[in-house]
Amino acid sequence: VAPQEARALNLLGTIRASQGKLDAAETLFARALRLEPQLIGAHMNLAYLYLLKGAPEKTITELKAVLTLAPNHPEALYKLARLLLSQDRADDCINLVEPSPLAQSPAFLVLLGDAYLGKADAERAEANFQLAHNRQADAPDGLLGLAQVAALRGDGKTAALYLSRAKALL
């Protein structure tokens, strides 16, 4: 009905993706973006689609496009940072997250802790995990990170204590 309406094409792409027709969905999302390049939903949908297709570099490109349009988009920032970390790009992850105003939220602090842990920087990892735990004491993520830091340092007893505390929260 509306072949030149970007939002309609984006919606059709979502439907095709839910049907498992990923190539058709990709075509629809791309058409939507040709018509309206600022359509964040279509960029996010393409990012999800590229994850499903196992194309991390294309996913990174789409998530960066979202962050260009909306620099503090929490979902895009988190997903991009996690993806960079999963691609062994800890420095890129840290450089993306640290300047963001979102960096002080518990989820992003844990993410930064994981990135520093990946670089074997126990001090910075511990500082981020501790801040995350202090800001959200009822969540196990900060404690699990602290357990990993203790294990990295060879302190099994402290790691076990953190794990015990985390288990009590689950």
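The values are calculated or read from the model by the stated rules, or taken from the named source; none is laboratory data. Worth saying up front: this structure is predicted, and the values here are computed from it rather than measured. All Cβ positions, even for glycine, are placed from backbone atoms using ideal geometry, and neighbour counts span all protein chains on display. Accessible surface is based on the protein model in full, side chains and every heavy atom, while ligands, DNA and RNA are left aside. Shrake-Rupley method; radii C 1.70, N 1.55, O 1.52, S 1.80 Å.
Selection of segment 115-128 for residues being of a type outside the set (A, V, I, L, M, F, W, C) and crowded, with 21+ Cβ neighbours inside 10 Å yields TYR116, ASN128.
Here's a check for you: in segment 135-154, which residue that is without any contact (Cβ under 8 Å) to a residue 12 or more places away in the chain and not in a helix (DSSP H, G or I) is nearest to the chain's Cα centre (by Cα)?
ALA137
Is it true that ALA160 is small (Gly, Ala, Ser) and modelled with pLDDT under 95? No; evaluated as a whole, the condition is false for this residue. For LEU52, indicate whether it is more than 30 Å from ARG124 (Cβ to Cβ) and either crowded, with 16+ Cβ neighbours inside 10 Å or aromatic (Phe, Trp, Tyr) (or both). No; evaluated as a whole, the condition is false for this residue.
Every test in (1) out of contact with any Phe, Trp or Tyr (no Cβ under 7 Å at 6 or more places or on another chain); (2) in contact (Cβ under 8 Å) with a residue 24 or more places away in the chain; (3) buried (at least 16 other Cβ atoms within 10 Å of the Cβ) is passed by ALA65 save one, and that test is (2).
Scanning segment 75-102 for residues that are open to solvent by less than 70 Å² (accessible area, probe 1.4 Å) and either closer than 15 Å to ALA47 by Cα or small (Gly, Ala, Ser) (or both) turns up ALA76, LEU77, LEU80, ALA81, LEU83, LEU84, ALA90, SER100.
Please go through segment 1-47 and give me each residue that is open to solvent by 80 Å² or more (accessible area, probe 1.4 Å) and under 26 Å from LEU84 (Cβ atoms), ordered by number. Hit for segment 1-47 is GLN38, nothing else. Is there a residue being charged (D, E, K, R) and outside any helix (DSSP H, G or I) anywhere in segment 109-131? Yes.
Elements of the type helices (runs of 4 or more DSSP H) sitting completely within segment 1-87 and holding at least 2 residues that are more than 23 Å from the chain's Cα centre (by Cα): these cover 6-18, 22-35. Inside segment 129-148, residues that are open to solvent by less than 40 Å² (accessible area, probe 1.4 Å) and under 12 Å from VAL110 (Cβ atoms) make up a count of 9.
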